[in-house]
Amino acid sequence: MYEKEVVVIGGGPSGLSAAVEAAKRGAKVLLVDENLRAGGQLFKQIHKFFGSSAHKAGVRGIDIAVDLLEQARVHGVEIWLNSVAVGLFKDKKVAIKRTFEDKLEKLEIIQAKKIVIATGASENAVRFRGWTLPGVMGAGAAQTMINVNRVLPGERILMIGSGNVGLIVSYQLLQAGAEVIAVIEAAPQIGGYGVHAAKIRRAGVPIYTSHTILEAKGEKYVEEAVICEVDNKWQPISGTEKVLKVDTITIAAGLKPLTELAMMHDCQCSFIPQLGGWVPLHDKNMESTSPGIYLVGDVAGVEEANTALEEGRLAGTSITETLNYISTEEAERLKKEIWQRLNELRMGPFGEGRMLAKSNILEECKASNC
Amino acid sequence: MRVNDHIILGKDKRDEIVEIKVDGETIQAKKDEMIIAALMANGIKINRYTVKNNRPRGIFCGIGQCTDCVMVVNGKPNVRTCVTPVEEGMVIETQHGVERSKK
Amino acid sequence: MALRKKGFLTKEELLASKCYPSEKRMSEGPVAVIECNEEIPCNPCEVACKFQAISIGNPITNAPILDENLCTGCGLCIARCPGLAIFVIDKTYSEKEGLISFPYEYLPLPLTGSIVESVNREGKVVSSGKVIKVLNSKSLDRTPVVTIAVPKDKLDEVRGIKRLERNDSK
């Protein structure tokens, strides 16, 4: 069994950010990621990020990823790739199935002083007749195929969901050379930013609000999709069926936090629809109800890359405070700045649901004596 | 279809090719790419058939979470093709149920 | 608002926002048009403008406001907007034609001098156009800016071109 000071589980934006923040102040950090390359969802985000220009707005996600990895290297973060955290046990013991360069696999048990869970979220499925046919996939899967693997998953796409993921991935599918036949949205209005919708409308992609999918048809893979209008009770309106000739149906219907490890360590969770489902509670330091276990990024509530980066910094800062690498005063100053940026990112009509949900989490966490 | 050139990603500079066998047929793949990418680039959309009703399945989540893309690789079943890189001479077979090979 | 249902702003909504220049200003030379009126935390446009013609301030969810008198129509902001929502219009190009510059992140890029089909906010072809300039320098960080000449009376409608055929092979 190893002993490590700080173990970060998950090398996406929040995990990398937490690792860098802690390491640069002197903590010894091990970051574990199940993939062959760290960076999480960042390497799929080829578009320029929104947010404050003082903090990486206007920079493409892929470039932020490269920069973060470089910072991790410079600050001496130890990274185990191709390694999966398979269990988290009381008290702060993590079991990792580690795969070495020569393919050798070993189960390592690590006793950590502090653990950051940055496991992210997974895509929701929308079930309809024929949804299991090859050609039906998550929008994230399509995004991985085009932006990371550089292969088109299909040529004629139906996108289900008009939130930012649905709109952005539709745009990226166009950039990769696919035709997006339509975006459908069950709600009566488009979910994502107007500017994202405007980009794809300019490219001739229709967005059908108050529409749902009835069926995916095909012998061995998707050949057609049947969509229809829905009424204000979300029920299909008979007679409005339309058949679209598509070979791929991508589902962008939200994400839910991957909370298994947090639950294994008895972190208290709450069911919060605005943040994706079951969300482990955390305090203003991003510490869970289980002392020494921190939660950052989508696992602490599905938001976006910008908030993930900030929450990672927050946890990294809090951890170095409790490990006495920085003074309480310095930590309070840094944390205050980060909270200001987080609040700014959660302002406006698109963020206020999340802002409220996050403040409820802090309340609930306090009430359960975090 | 491969995305050989892209306004943001630039030209695909990977030019090392490896050969793999898929259900007996040799196909070309780019060195170190994920198996699913090589299959998709060659128009192969079906990875496996289900146990009970023999229904086709293909990529769903793309990041190793859902197991819809698993195939028999070098004789080993249930290998997630979306997170496993190709290797020269790799033998890949469409998986039927949870067994090793076609019934 | 039409944006929430249809995915694009109508002329009325644009005129009501603080980013559509007056006819007077448009008759004086090139000027930016910022088609972004939602409260999103975002402010690269404010920082991009050398002439401080775009204000957002605090909080950064404020919708941008364009000072048409400070704006020179230089177009620096076009590639910097993550939402690809900024355009530059020049109604003084010639007697019958005007210019529109827009962000265009697709391949193939159109060739200077070629004839293209201009599209409106719904992607419908509105007129033919001639490609006057295609910028794709490193400072644009892979957001090329294309300038086309179209009939002047179409300038308030045209916001891009119909994408060109790709020649990607396997």
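The values are calculated or read from the model by the stated rules, or taken from the named source; none is laboratory data. Source: prediction; values computed, not measured. So basically every Cβ, Gly included, is an ideal-geometry build from the backbone, and we count neighbours across all protein chains shown.
Filter region B:54-71 down to residues that are part of a loop (DSSP other than H, G, I, E, B) and more than 10 Å from chain A (Cβ to nearest Cβ) and give me whichever is surrounded by the most Cβ atoms within 10 Å (Cβ to Cβ). Let's see the steps before the verdict.
If we filter region B:54-71 for residues that are part of a loop (DSSP other than H, G, I, E, B), which is where we start, we get B:54-55, B:58-69.
Next, only the ones that are more than 10 Å from chain A (Cβ to nearest Cβ) stay: B:54, B:67.
Details: B:ASN54: 10, B:THR67: 15.
The residue in question is B:THR67.
May I ask you to verify whether C:GLU35 is within 14 Å of another protein chain (Cβ to nearest Cβ) and closer than 25 Å to A:ARG201 by Cα?
Values: within 14 Å of another protein chain (Cβ to nearest Cβ): yes; closer than 25 Å to A:ARG201 by Cα: yes.
Here the answer is yes, as C:GLU35 does meet what is asked.
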Set A:ALA85, A:ALA72: member being within 21 Å of A:ILE338 (Cα to Cα) and either crowded, with 16+ Cβ neighbours inside 10 Å or not hydrophobic (A, V, I, L, M, F, W, C) (or both): A:ALA72
Members of region A:156-203 found to be in a loop (DSSP other than H, G, I, E, B), under 26 Å from C:SER118 (Cβ atoms) and facing another protein chain (nearest Cβ under 7 Å), listed by number: A:GLY177, A:ILE190, A:TYR193, A:ALA203
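Looking only at region A:111-133, which residues are free of Cβ contacts under 8 Å to residues at least 60 places away in the same chain and hydrophobic (A, V, I, L, M, F, W, C)? Lay out the reasoning, then the answer.
Residues of region A:111-133 that are free of Cβ contacts under 8 Å to residues at least 60 places away in the same chain, as a first pass: A:127, A:132.
Scanning region A:111-133 gives no hits.
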Hey, can you tell me all the residues within region A:118-130 that are part of a loop (DSSP other than H, G, I, E, B) and within 23 Å of the chain's Cα centre (by Cα)? A:ALA118, A:THR119, A:GLY120, A:ASN124, A:ALA125, A:VAL126, A:ARG127
Which of the residues belonging to region C:101-113 are at the interface with chain A (Cβ under 9 Å from one of its Cβ atoms) and among the polar types (S, T, N, Q)? none
Considering only residues that are of a type in the set (A, V, I, L, M, F, W, C) and free of Cβ contacts under 8 Å to residues at least 40 places away in the same chain, look in region B:16-28 and name the one that is farthest from the other protein chains (Cβ to nearest Cβ). B:ILE17
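Given C:ARG80, C:ARG4, which one is within 16 Å of the chain's Cα centre (by Cα), surrounded by 14 or more Cβ atoms within 10 Å (Cβ to Cβ) and facing chain A (nearest Cβ under 7 Å)? Working first, answer last.
On the way: C:ARG4 fails: within 16 Å of the chain's Cα centre (by Cα).
Exactly one of C:ARG80, C:ARG4 is within 16 Å of the chain's Cα centre (by Cα), surrounded by 14 or more Cβ atoms within 10 Å (Cβ to Cβ) and facing chain A (nearest Cβ under 7 Å), namely C:ARG80.
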Close pairs from region C:43-69: first touching a residue at least 12 places away in the same chain (Cβ under 8 Å) and closer than 18 Å to A:TYR193 by Cα, partner assigned to a helix (DSSP H, G or I) and of a type in the set (A, V, I, L, M, F, W, C), Cβ under 8 Å, at least 6 apart: C:ILE56/C:CYS45; C:PRO64/C:CYS45
Apart from one, (1) surrounded by 20 or more Cβ atoms within 10 Å (Cβ to Cβ); (2) within 29 Å of C:ILE60 (Cβ to Cβ) all hold for A:ILE96; the odd one out is (2)
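Tell me which residues, restricted to region B:74-99, are outside any loop (DSSP other than H, G, I, E, B) and either over 13 Å from the mean Cα position of the chain (by Cα) or more than 20 Å from A:SER83 (Cα to Cα) (or both). Steps first, please.
Keep residues of region B:74-99 that are outside any loop (DSSP other than H, G, I, E, B), which gives B:76-80, B:85, B:91-93, B:95-96.
Selection gives B:LYS76, B:PRO77, B:VAL91, B:ILE92, B:GLU93, B:GLN95, B:HIS96.
Test of understanding: among B:LYS30, B:LYS11, which residue is surrounded by 17 or more Cβ atoms within 10 Å (Cβ to Cβ) and modelled with pLDDT of 95 or more? Steps first, answer last, please.
Working: B:LYS11 fails: surrounded by 17 or more Cβ atoms within 10 Å (Cβ to Cβ).
Going through B:LYS30, B:LYS11 in turn, the sole match is B:LYS30.
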Tell me which residues, restricted to region A:134-155, are free of Cβ contacts under 8 Å to residues at least 24 places away in the same chain and either in a strand (DSSP E or B) or more than 10 Å from chain B (Cβ to nearest Cβ) (or both). A:VAL151
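Looking at region A:101-118, is at least one residue closer than 30 Å to A:ALA178 by Cα and either surrounded by fewer than 21 Cβ atoms within 10 Å (Cβ to Cβ) or in contact with a helix residue (DSSP H, G or I) (Cβ under 6 Å, 6 or more places away or on another chain) (or both)? Steps first, answer last, please.
Of region A:101-118, the ones closer than 30 Å to A:ALA178 by Cα are none.
No, every residue in region A:101-118 fails to be closer than 30 Å to A:ALA178 by Cα and either surrounded by fewer than 21 Cβ atoms within 10 Å (Cβ to Cβ) or in contact with a helix residue (DSSP H, G or I) (Cβ under 6 Å, 6 or more places away or on another chain) (or both).
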So in region B:29-52, with the set limited to residues that are within 10 Å of chain A (Cβ to nearest Cβ) and assigned to a loop (DSSP other than H, G, I, E, B), which one is farthest from B:ILE17 (Cα to Cα)? B:THR50
Output the qualifying pairs, or none if there are none: Cβ atoms under 6 angstrom, residues six or more apart or on different chains, first residue in region B:71-85 and within 19 Å of A:ASN35 (Cα to Cα), second residue of a type in the set (Asp, Glu). B:PRO85/B:ASP32
May I ask you to list the residues in region C:86-121 that are surrounded by 18 or more Cβ atoms within 10 Å (Cβ to Cβ) and either in contact with a His (Cβ under 9 Å, 6 or more places away or on another chain) or part of a loop (DSSP other than H, G, I, E, B) (or both)? C:LYS91, C:TYR93, C:TYR104, C:GLU105, C:TYR106, C:LEU107, C:PRO110, C:ASN120, C:ARG121
Of the conditions (1) over 25 Å from the mean Cα position of the chain (by Cα); (2) in contact (Cβ under 8 Å) with a residue 24 or more places away in the chain, the single one that A:LYS106 does not satisfy is (2)
Residues satisfying the stated conditions in region A:204-234, i.e. farther than 18 Å from A:ASP247 by Cα, in a loop (DSSP other than H, G, I, E, B) and either facing chain C (nearest Cβ under 10 Å) or touching a helix residue (DSSP H, G or I) at 6+ places or on another chain (Cβ under 6 Å) (or both): A:GLY204, A:SER210
Can you tell me which residue is nearest to A:VAL59 (Cα to Cα) among those in region C:83-100 that are among the small types (Gly, Ala, Ser) and within 14 Å of chain A (Cβ to nearest Cβ)? C:GLY83
Top-ranked residue of region C:139-149 - restricted to ones that are within 14 Å of chain A (Cβ to nearest Cβ) and not β-branched (Val, Ile, Thr), ranked as surrounded by the fewest Cβ atoms within 10 Å (Cβ to Cβ): C:SER139
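Out of the residues in region C:123-138 that are outside any strand (DSSP E or B) and within 12 Å of chain A (Cβ to nearest Cβ), state the one that is surrounded by the fewest Cβ atoms within 10 Å (Cβ to Cβ).
Step one: list which residues in region C:123-138 are outside any strand (DSSP E or B), which gives C:123-124, C:136-138.
Those still in the list that are within 12 Å of chain A (Cβ to nearest Cβ) too: C:123-124.
Details: C:GLY123: 18, C:LYS124: 14.
Among those that are outside any strand (DSSP E or B) and within 12 Å of chain A (Cβ to nearest Cβ), it is C:LYS124.
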Checking A:PHE43 against (1) touching a strand residue (DSSP E or B) at 6+ places or on another chain (Cβ under 8 Å); (2) surrounded by fewer than 24 Cβ atoms within 10 Å (Cβ to Cβ); (3) among the hydrophobic types (A, V, I, L, M, F, W, C), which single condition isn't satisfied? (1)
